[in-house]
Amino acid sequence: MPSNTRRALLAAAGLSGLGLATPLRALAASPGTDDEALRRALHALNRLGYGPRLADLQALRRQGGRDWLQDFLQRQLQPRPAEPPPALNERLQALPTLWESQAQLLARFREANEARRAAMAAAGAAAPDMARTDARREQVRPVLLQASQQRLLRALSSPEPLREVLVEFWFNHFNVFSGKSQVSVLVGAYERDAIRPHVLGRFRDLLGATARHPAMLIYLDNVQSVAPGWRPAARAASALPPALRPSGLNENYARELMELHTLGVDGGYTQQDVTELARMLTGWTVDYAAARRGREGSLFLFDARRHDAGPKRWLGQDVTPAGQAEGEAALDRLAEHPATARHIAFKLAQRFVADEPPPALVARLASRFLASGGDLRTVMQALVEDPAFWAPEVRGAKFKTPYQHLVSSLRLLDLDVADPQPWMGVLAQAGMPLYGAQTPDGYKNTAVAWRSPEALAQRVQLAARLAQLAMRRGTASAPALDAAALLQAAAPLLGEPTRRVLADEPPPQQIALLLASPDFLYC
């Protein structure tokens, strides 16, 4: 890259000099100029999706911002997902591990371990790392790659981008880490079974689906949590990896269930409440015997033998011993708690409106959460209808995460993800590997977590790489990018300072500058 172009890219990515850039039925008729309607439409594309595609920008020009926006919002808030477009559906169907059962996926992990042990025994102690790598490459790695590919394919091509944004949001809220044990093969099924069906449903259903999924039970160690003094049969214990064998009361899931998933860190509970909730959730585990038999569907198991059946006192109330019903009642109570409503409202407002969301907006969303019984579609509609969402001062004020920047770039340039590995490498280098947040609190979505000189330099390099890919392609199905057409259509995304910088550069550098500009780094 010529040095003068690199300097221009770095200048465009700087943070100084360029500022921050009603009910649904009435939105199309809202007052304001056509330019204001266009700005609202672009704001919706950026916050309720992953930014515009060239086709979106062209449709906006043809249809007009008001009509386009009304149609867009109505599609996003449908209670049930639409069928994927045929081209997207065909590509998803071609990813076989997406459709494997929990038992089949655990069988993959088991076979990988057995193959590794056999290879290590055959090779001796000289090549244990090679044996481990070969086993994972054969059985485990395809699962994570195909889960990553489907996530990207949907984010790029789904006609319901809000649903895809919410899948990312709620996965992050109920985070599991693909690098931990059997979660490596279950992470895609966790998204498929526990997250995706419930993102516009009832919070209680989402909470219960994550609580009973093997990925969560393994990640936060509830498979190990048993009543004090309980001992498994020797044969049953030896069938499990050492890290998953029962080892007494484990409080990890109970703590994160209250601190992260529901009440929030300031939700008013005590350490004793953590211990009592952990006792209530003993016996919530994974049915490994059913997994070996190849059972279809969920492998959740409540094992009454592991459950602490003693009396408990939690959040100020006595708990009558009732087996699995104790845990279900706890989830009911957490889902309807005012502290949960405030916690969820704050996180949604922070993701969709501002890093420091207006307290009055948070209060309005929490009220709607409680009044609707935790209906997430109702809460999202309240957010989209709220004037705070559309306020001029919040437009262009959210710094994109590495994932948002990558996906919005791929969408704008209409680049394919037939091979997801390069893009997984991009996200890993940026510190945001897909399904790779190690801690239960997941990834942050605020500027302070991602805006640094090193991160900006990485985005400049990515912008140049993506521009080169877009300009080099040239097949019947993926013609070379028409830079002039893209820049003309993307003009409403850019401020006057960025347009001046772009005007003096050749097409490939213009595209790179656009992707590295503050106008594009923020949404």
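The values are calculated or read from the model by the stated rules, or taken from the named source; none is laboratory data. Quick caveat, the model's predicted, so the values are computed rather than measured. For neighbour counting, all protein chains shown are included, and Cβ atoms are generated from backbone atoms with ideal geometry for every residue, glycine included.
Just one of the listed residues (D332, D355) is touching a helix residue (DSSP H, G or I) at 6+ places or on another chain (Cβ under 9 Å), among the acidic types (D, E) and farther than 27 Å from A189 by Cα, namely D355. Checking each residue in the stretch 224-236 for being modelled with pLDDT under 95 and not in a loop (DSSP other than H, G, I, E, B) picks out Q224, A234, R235, A236.
Counting only residues that are among the hydrophobic types (A, V, I, L, M, F, W, C), surrounded by fewer than 23 Cβ atoms within 10 Å (Cβ to Cβ) and in contact with a strand residue (DSSP E or B) (Cβ under 7 Å, 6 or more places away or on another chain), the stretch 480-523 holds 0 of them. Just one of the listed residues (A388, A382, A455, A397) is modelled with pLDDT of 95 or more, closer than 17 Å to A349 by Cβ and touching a Pro at 6+ places or on another chain (Cβ under 9 Å), and it is A388.
With respect to the stated conditions, G179 fails to be surrounded by fewer than 21 Cβ atoms within 10 Å (Cβ to Cβ), closer than 19 Å to F369 by Cα and of a type outside the set (A, V, I, L, M).
This table checks each residue for (1) among the polar types (S, T, N, Q); (2) part of a helix (DSSP H, G or I); (3) surrounded by 20 or more Cβ atoms within 10 Å (Cβ to Cβ); (4) modelled with pLDDT under 95.
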position: D355; (1), (2), (3), (4): no, no, no, no
position: E393; (1), (2), (3), (4): no, yes, no, no
position: L412; (1), (2), (3), (4): no, yes, yes, no
position: D419; (1), (2), (3), (4): no, no, no, yes
position: M432; (1), (2), (3), (4): no, no, yes, no
position: D441; (1), (2), (3), (4): no, no, no, no
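Considering P81, P85, P96, the condition of being closer than 20 Å to D414 by Cβ and surrounded by fewer than 19 Cβ atoms within 10 Å (Cβ to Cβ) is satisfied by P85 alone. S477 satisfies every condition listed in (1) modelled with pLDDT under 90; (2) hydroxyl-bearing (S, T, Y); (3) crowded, with 20+ Cβ neighbours inside 10 Å except (3).
The rows are residues; the columns are (1) assigned to a loop (DSSP other than H, G, I, E, B); (2) more than 21 Å from the chain's Cα centre (by Cα).
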position: G297; (1), (2): yes, yes
position: A309; (1), (2): yes, yes
position: A330; (1), (2): no, yes
position: R364; (1), (2): no, yes
position: L406; (1), (2): no, no
position: S409; (1), (2): no, no
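For the stretch 483-492, does any single residue satisfy the condition of being touching a Ser or Thr at 6+ places or on another chain (Cβ under 8 Å), part of a helix (DSSP H, G or I) and more than 18 Å from V407 (Cα to Cα)? Scanning the stretch 483-492, I find no residue that is touching a Ser or Thr at 6+ places or on another chain (Cβ under 8 Å), part of a helix (DSSP H, G or I) and more than 18 Å from V407 (Cα to Cα), so the answer is no.
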